[in-house]
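What follows is a structure written as structure tokens; I'll ask about it next.
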Amino acid sequence: MPISVLTEWWADMGVSVDTVLVDGLLKSAPAREAPEQDAGPAAPALIRKGVRTVADWANEARALASASDTLDALASAIRAFDGSPLKAACEQAVVFDGIPGAPLMLIGEGPGEEEDRRGLPFVGKAGQLLDKMLSAIGQSRAENTFITNVNYWRPQGNRNPEADELAVCRPFVDRMIELVKPRLIIAAGGVPAVSLLASTEGIMKLRGNEYAFATPGGFKAPLIPILHPAYLLSRPQDKSRAWRDLMLIEKRLAELAAG
Ligand code: URA
């Protein structure tokens, strides 16, 4: 990768190249990932609709997901699904964008306000940064990348999705991975990384490493967690970490393409 691409990327981020390349910064104490905005009201421990529990809704999601043989069928099933308590307050479900069958699949946390309005993932400020990050390693949603989230409905106040809200989406997420069949998965941020890997570690420990991911249906792909672009917007000093993670992703994509 030419150095000019790197410096342009940093300049786009509004970060001084001298600052981000100072080695001492990389050794600073691990920071915690900041929430995108103030947390909204907590979700109830049990998602109930009539007498149905989270487990009931997750079972329904599993049945709908396994009956979906195409991404379009899966997207329709997600849009018609009533098991997320977030759905009632949203404009619409935000399901996916990009290229079906792409070698690279990026999975984020869930839609924010702009995504809810437009019905597409990562189209707000964080999404614009994400597009620049992907472009720096030759990837884009227009050509070779598939983009989705672990939760399809916007939480009010842009809080993180609760465990129950993720649980009812998870069968759809696994099925989407099986239908896209990516060579490599990126988990963007702590929420998808911890949820997909069922990890007890935080994103600062998980990022920059490769993990073996498998769906219940048996599809396997390597997964690399990265810092969420919304976090990077508020913590430019951590962009050096993001850059190193992108370099790893670029290298692994080339290796996986070569077989
Ligand atoms: N943040 C996410 O994690 N996903 C989106 O779609 C938008 C912002």
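The numbers here are math on the coordinates, done by the rules we state, and not lab data. Just so it is clear, the model here is predicted, and its values are computed rather than measured. Every residue, glycine among them, receives a Cβ derived from its backbone with ideal geometry; neighbour counts consider all protein chains shown.
If each residue's Cβ is checked for other Cβ atoms within 10 Å, how do Trp153, Trp243, Trp57 rank with the fewest at the top?
Details: Trp153 26, Trp243 19, Trp57 23.
Ordered from fewest to most neighbouring Cβ atoms within 10 Å, Trp153, Trp243, Trp57 come out as Trp243, Trp57, Trp153.
Suppose we look only past 25 Å in the calculated P(r) of the range 93-224. What percent of the Cα-Cα pairs does that tail hold?
On the way: 1487 of 8646 pairs.
Taking all Cα-Cα pairs of the range 93-224, the fraction more than 25 Å apart is 17 percent.
Return the subset of Lys181/Lys251; Lys132/Lys251; Lys87/Lys205; Lys220/Lys251; Lys181/Lys205 for which the Cα-Cα distance in this structure is over 21 Å, preserving the input order. It would help to have the intermediate numbers written out before the result.
Values: Lys181/Lys251 19 Å; Lys132/Lys251 18 Å; Lys87/Lys205 32 Å; Lys220/Lys251 19 Å; Lys181/Lys205 27 Å.
In this structure, Lys87/Lys205; Lys181/Lys205 exceed 21 Å between Cα atoms.
With the alpha-carbon atoms as the only input, what is the per residue convex hull volume for the range 147-259 in Å³?
On the way: hull volume 12.1 nm³, N = 113.
Roughly 107 Å³ of hull volume per residue.
Using a 10 Å cut-off around each Cβ, can you sort Phe122, Phe219, Phe172 from fewest to most neighbouring Cβ atoms? Working shown, then result.
Details: Phe122 28, Phe219 16, Phe172 25.
Going from least to most buried by this count: Phe219, Phe172, Phe122.
Mind sorting Ser135, Ser234 by how few other Cβ atoms lie within 10 Å of their own Cβ, fewest first?
Listed from fewest to most nearby Cβ atoms, that is Ser234, Ser135.
If I model a spin label as a point 7 Å beyond the Cα along the Cα-Cβ vector, how far apart are those points for Glu113 and Ser140 in nm?
The two pseudo-label positions are separated by 2.8 nm.
Which value, in debye to the nearest 20, describes the size of the charge dipole of the range 158-199 about its Cα centre when Lys and Arg Cβ atoms bear +1, Asp and Glu Cβ atoms bear -1, and nothing else is charged?
Numbers: 5 positive and 5 negative charges, 47 e Å.
Its charge dipole is roughly 220 debye.
Which value, in debye to the nearest 20, gives the size of the charge dipole of the range 61-208 about its Cα centre, when Lys and Arg are +1 and Asp and Glu are -1 at the Cβ? Could you put the intermediate results ahead of the total?
On the way: 16 positive and 18 negative charges, 60 e Å.
That gives a dipole near 280 debye.
Oh, and also: Hey, rough spin-label estimate for Glu250 and Ser234, points 7 angstrom out along Cα→Cβ, what's it come to in nanometres?
2.9
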